[in-house]
Amino acid sequence: MVFSVRTFNNINQIGLKELGNRFQIDGEQAQNPDAFIIRSENLHGFDFPENLKAIARAGAGTNNIPIEEATEKGIVVFNTPGANANAVKEAVIASILLSARDYISATAWTNTLSGSDVPKQVEAGKKQFAGTEISGKTLGVIGLGAIGARIANDARRLGMNVLGYDPYVSIETAWSISSHVKRVDDLKEIFTQSDYITIHVPLTDKTREIFNADTFAVMKKGVTLINFARGELVNNAALFEAIEAGVIKNYVTDFGTEEVLNKDHILVFPHVGGSTEEAELNCAIAASQTIRRFMETGEIINSVNFPNVKQFLDAPYRITLINKNVPNIVATITTAVSELGINIDNIINKSKGDYAYTLLDLDESDANKIADLVAKFEATPAITKVRVIKHK
């Protein structure tokens with residue numbers, strides 16, 4: 001079987017080779033693809049093809065994908081956390097340095113000079129660009145995932161005092177964070193003590209406009225706020241007031257909107273935090289490997305709407321099921337198998353929210369029995385999508 005993959009945006013072609021020879025990469029001409037691989041393409045309002053089984057976002061954020069709609073249609077949505085983490089980390093560290101020394105304004109001023117006495121003009125005017133060093137300053141990192149942990153560690157190596165806040169940090173990430181990074185349990189400690197604050201959390205109802213009039217009111221005066229996560233994490237009206245009051249010395253963001261452009265003390269980048277050759281390749285590789293694994297084995301890794309499910313496949317057939325998370329669904333599945341006289345080799349069922357995912361490995365080689373079982377599953381109201389994977 002050959003799987004059809006539709007790509008959106010400019011996905012690194014070398015990374016796409018990770019799909020292997022069972023995948024055909026199609027552009028807009030794809031009639032009914034099995035999977036999408038996207039970067040920034042906005043899929044809200046998109047008419048998903050009936051055959052679509054998976055969407056892989058070559059990056060971490062998935063706000064450009066209608067997750068709830070995809071889930072209801074049994075489409076597994078993946079992302080690639082950590083694939084561009086080093087690129088974003090370097091962008092944030094650069095932003096701290098740019099803010100501390102105001103190199104951009106200094107360069108712009110220098111380029112206005114002319115005449116044979118430019119060196120003399122430089123010496124006379126350079127005092128206006130005297131900055132500060134970051135060593136000994138305090139950095140608050142909100143969100144200690146793949147990106148935040150790297151920033152915290154490297155900031156410590158640059159001599160900064162680092163406070164980190166993340167109530168949901170994974171055990172694996174926690175082990176990677178320097179013991180010199182102070183973990184705090186209250187965001188207020190970040191706000192009141194930090195000279196620089198950088199945020200790395202997803203956009204949710206809880207985090208939307210986390211920087212607002214109330215949070216700015218408790219911040220240490222003269223703080224630099226760096227936002228390479230999502231523009232909507234900041235209430236812009238409150239931000240402008242905080243800048244006017246001197247609470248926010250500089251705001252550096254990777255999300256340009258007309259509202260924040262051409263304003264003093266605001267530095268806007270064109271969403272390039274994760275845009276390096278290395279990061280784009282890493283994201284394409286990770287997205288391709290994720291799609292290949294899912295399509296060939298049914299295993300799920302790094303999905304934002306379904307649980308991670310792994311199970312070694314050694315049976316003749318594997319059936320994957322996406323079902324509503326309702327009572328007795330596993331009993332319904334196993335009963336259907338038993339009624340057809342099929343032996344279960346292995347089964348795993350995990351839920352996430354209102355839906356669950358099942359890997360059902362069957363010690364059965366009769367294709368007709370498998371087809372009858374699939375028909376039973378497709379007629380079950382609680383089961384929304386059924387796939388058959390033939391192993392041997």
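The values are calculated or read from the model by the stated rules, or taken from the named source; none is laboratory data. What you are looking at is a predicted structure, and each value in this text was computed from that prediction instead of being measured. Neighbour counts are summed over all protein chains in view; Cβ atoms, including those assigned to glycine, are modelled from backbone coordinates with ideal geometry. Just so you know, the surface numbers come from the protein's heavy atoms only, side chains and all, with ligands and any DNA or RNA stripped out. Shrake-Rupley method; radii C 1.70, N 1.55, O 1.52, S 1.80 Å.
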Consider region 113-131. How many of its residues are modelled with pLDDT under 95 and of a type in the set (S, T, N, Q)? 1
What is the number of the single condition among (1) more than 30 Å from residue 321 (Cα to Cα); (2) among the hydrophobic types (A, V, I, L, M, F, W, C); (3) in contact with an Asp or Glu (Cβ under 9 Å, 6 or more places away or on another chain) that residue 97 does not meet? (3)
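The rows are residues; the columns are (1) within 25 Å of the chain's Cα centre (by Cα); (2) not hydrophobic (A, V, I, L, M, F, W, C).
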position: 205; (1), (2): yes, yes
position: 208; (1), (2): yes, yes
position: 212; (1), (2): yes, yes
position: 225; (1), (2): yes, no
position: 240; (1), (2): no, no
position: 258; (1), (2): yes, yes
position: 262; (1), (2): no, yes
Restricting to region 199-230, give me the number of residues that are among the charged types (D, E, K, R) and in contact (Cβ under 8 Å) with a residue 24 or more places away in the chain. 5
Has region 168-181 got any residue that is open to solvent by 80 Å² or more (accessible area, probe 1.4 Å), over 17 Å from the mean Cα position of the chain (by Cα) and in contact (Cβ under 8 Å) with a residue 12 or more places away in the chain? yes
Criterion violated by residue 202 - all others in (1) open to solvent by 60 Å² or more (accessible area, probe 1.4 Å); (2) farther than 19 Å from residue 152 by Cβ satisfied: (2)
Candidate set from region 325-384 (those that are more than 20 Å from residue 298 (Cα to Cα) and small (Gly, Ala, Ser)); member that is least open to solvent (accessible area, probe 1.4 Å): 336
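Please enumerate the residues belonging to region 219-257 that are assigned to a loop (DSSP other than H, G, I, E, B) and within 23 Å of residue 134 (Cβ to Cβ). Reasoning before the result, please.
Taking region 219-257 as the starting set, the residues that turn out to be assigned to a loop (DSSP other than H, G, I, E, B) are 219-222, 228-230, 235, 245-247, 254-257.
Listed by number, the residues that qualify are 219, 220, 221, 222, 228, 229, 246, 247, 254.
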Residue within region 27-44 that is within 22 Å of residue 322 (Cβ to Cβ) and surrounded by fewer than 14 Cβ atoms within 10 Å (Cβ to Cβ) present: yes
When region 14-26 is examined, which residues are found to be in contact (Cβ under 8 Å) with a residue 24 or more places away in the chain, open to solvent by 10 Å² or more (accessible area, probe 1.4 Å) and within 25 Å of the chain's Cα centre (by Cα)? 14, 17, 18, 20, 23
Residue 96 part of a loop (DSSP other than H, G, I, E, B), touching a residue at least 24 places away in the same chain (Cβ under 8 Å) and at negative phi: no
How do the pairs read when you match residues in region 296-321 that are hydroxyl-bearing (Ser, Thr, Tyr) with residues anywhere that are in a loop (DSSP other than H, G, I, E, B), using Cβ under 7 Å and keeping only pairs 6 or more apart or on different chains? 297/313; 317/364; 317/391; 320/298
Filter region 139-151 down to residues that are within 13 Å of residue 223 (Cβ to Cβ) and surrounded by fewer than 21 Cβ atoms within 10 Å (Cβ to Cβ), then give me how many there are. 0
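Kindly indicate which of 136, 115, 131, 82 is in contact (Cβ under 8 Å) with a residue 24 or more places away in the chain and loosely packed, with under 11 Cβ neighbours inside 10 Å.
Numbers: 115 fails: in contact (Cβ under 8 Å) with a residue 24 or more places away in the chain; 131 fails: loosely packed, with under 11 Cβ neighbours inside 10 Å; 82 fails: loosely packed, with under 11 Cβ neighbours inside 10 Å.
Every option except 136 fails the conditions.
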For region 13-36, does any single residue satisfy the condition of being touching a Gly at 6+ places or on another chain (Cβ under 7 Å) and either more than 30 Å from residue 250 (Cβ to Cβ) or in a loop (DSSP other than H, G, I, E, B) (or both)? no
Name the residues in region 139-167 that are over 22 Å from the mean Cα position of the chain (by Cα) and free of Cβ contacts under 8 Å to residues at least 24 places away in the same chain, would you? 157
Which ones in region 239-258 are touching a residue at least 60 places away in the same chain (Cβ under 8 Å) and either touching a Lys or Arg at 6+ places or on another chain (Cβ under 8 Å) or open to solvent by less than 10 Å² (accessible area, probe 1.4 Å) (or both)? 252, 254
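Look at region 182-199 and say how many of its residues are open to solvent by 20 Å² or more (accessible area, probe 1.4 Å), farther than 20 Å from residue 89 by Cβ and in a loop (DSSP other than H, G, I, E, B).
Here the count works out to 2.
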